[in-house]
1. Within the bounds of region 181-195, is there any residue that is surrounded by fewer than 17 Cβ atoms within 10 Å (Cβ to Cβ) and among the hydrophobic types (A, V, I, L, M, F, W, C)?
2. Please enumerate the residues belonging to region 90-116 that are surrounded by 24 or more Cβ atoms within 10 Å (Cβ to Cβ) and either within 17 Å of Ile262 (Cα to Cα) or touching a Ser or Thr at 6+ places or on another chain (Cβ under 8 Å) (or both).
3. Considering each residue of region 265-277, count those that are aliphatic (A, V, I, L, M) and touching a residue at least 60 places away in the same chain (Cβ under 8 Å), and give that number.
4. Condition first: in contact (Cβ under 8 Å) with a residue 24 or more places away in the chain and either part of a helix (DSSP H, G or I) or of a type in the set (Val, Ile, Thr) (or both). Now tell me which residues in region 29-53 satisfy that.
5. Quick one: is Glu75 in a strand (DSSP E or B) and farther than 24 Å from Asp255 by Cα?
6. Go through Lys72, Lys104 for me and flag whichever is among the charged types (D, E, K, R) and in contact (Cβ under 8 Å) with a residue 40 or more places away in the chain.
7. Please indicate, with yes or no, whether at least one residue in region 278-285 is among the charged types (D, E, K, R), touching a residue at least 60 places away in the same chain (Cβ under 8 Å) and in contact with a His (Cβ under 9 Å, 6 or more places away or on another chain).
8. Does Ala108 satisfy the condition of being assigned to a strand (DSSP E or B) and either in the same structural domain as Thr264 (by TED's automatic domain parsing) or at pLDDT 95 or above (or both)?
Amino acid sequence: MSSEIEKVKVLIIGSGPAGYTAAIYASRAGLAPVLYTGGQPGGQLTITTDVENYPGYPEGIMGPEMMEDFRKQAERFGTQVRYGMVTKVDFSVKPHKVIVDDQKEIHADTVVISTGASAKWLGIESEERLNGKGVSACAVCDGFFFRGQDVAIVGAGDTACEEASYLANICNKVYMLIRRDEMRASQIMQKRVLNNPKIEVLWNTETDEILGKDEVEGVRVFDNKSGEKRNLKISGFFVAIGHEPNTSIFKDFLDMDESGYILTKAGSTKTNIEGVFACGDAQDHIYRQAVTAAGTGCMAALDAERYLAAQE
């Protein structure tokens, strides 16, 4: 641990749309924020290719390029963007104590948490290789690119049903691959899927391999009861088996729901600890869009600014 302790007014942990938007607002307010990017600078959008649903980009933009724009805008107003991972926090003391990369100690008057969430994946080689080339963990973000085509979706919960229904509106056919002989989803969502003529539910079905060299051309599935394999011709493969919020380092201090999403006070980004604010996908498991994350990033910076003003 380095002996030198740095004092910071606003420390932002995480660098997706929420973190960078918080940085833009905080730096324009003269709060000289310091932002640590975390392990995936730019967040989930850096593994997204085309973003067509963010306002202000009429032609669409590549995810990594968009995050680069966010970063430059934050830096333009004086944000210090640093590469590094927050490895430990102590929110029981004031100012709040934050350790970066197990060595640097920072004392922050306010902390904005924008560590996001990571999609859960099946963990097969072809899924990783074709990620962004027809494999996606967000039907709402990427379904549009497969309009009129045949696609498959993996998952059995409410989100999977919702995304399958969304895909059925724009795609020709949706195969829904379900590992067991029942769904976890609520009755109303199950009904919606089972009554949709464009959705074919394949029970007891698991993914063996996603087929295609440079883009998805099909998927080989197997029946886990009979072991029988078959190929489905598809051009889009969606994984909807859940997300995991990147919040484990805060669990000793912050109130969270059973999945690990940080709980914030209604209509704000305030957590149960004074001076600690949470925004983006670390606290939002419902919308999970770049534009909603950016909105809560703005809220977090304004909440932090008001908190600091009240302390003076």
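The values are calculated or read from the model by the stated rules, or taken from the named source; none is laboratory data. Bear in mind the structure is a predicted one, so any value in this text is a computation, not a measurement. Using ideal geometry, Cβ is built from the backbone for each residue, glycine included, and neighbour counts are taken over all protein chains shown.
1. Within region 181-195, one or more residues are surrounded by fewer than 17 Cβ atoms within 10 Å (Cβ to Cβ) and among the hydrophobic types (A, V, I, L, M, F, W, C).
2. Result: Thr110, Val111, Val112, Ile113, Ser114, Thr115, Gly116.
3. 2
4. Scanning region 29-53 gives Val34, Thr37, Gly43, Gln44, Leu45, Ile47, Thr48, Thr49, Val51.
5. no
6. Working: Lys72 fails: in contact (Cβ under 8 Å) with a residue 40 or more places away in the chain.
Going through Lys72, Lys104 in turn, the sole match is Lys104.
7. Yes, some residue in region 278-285 is among the charged types (D, E, K, R), touching a residue at least 60 places away in the same chain (Cβ under 8 Å) and in contact with a His (Cβ under 9 Å, 6 or more places away or on another chain).
8. Against the criterion (assigned to a strand (DSSP E or B) and either in the same structural domain as Thr264 (by TED's automatic domain parsing) or at pLDDT 95 or above (or both)), Ala108 qualifies.
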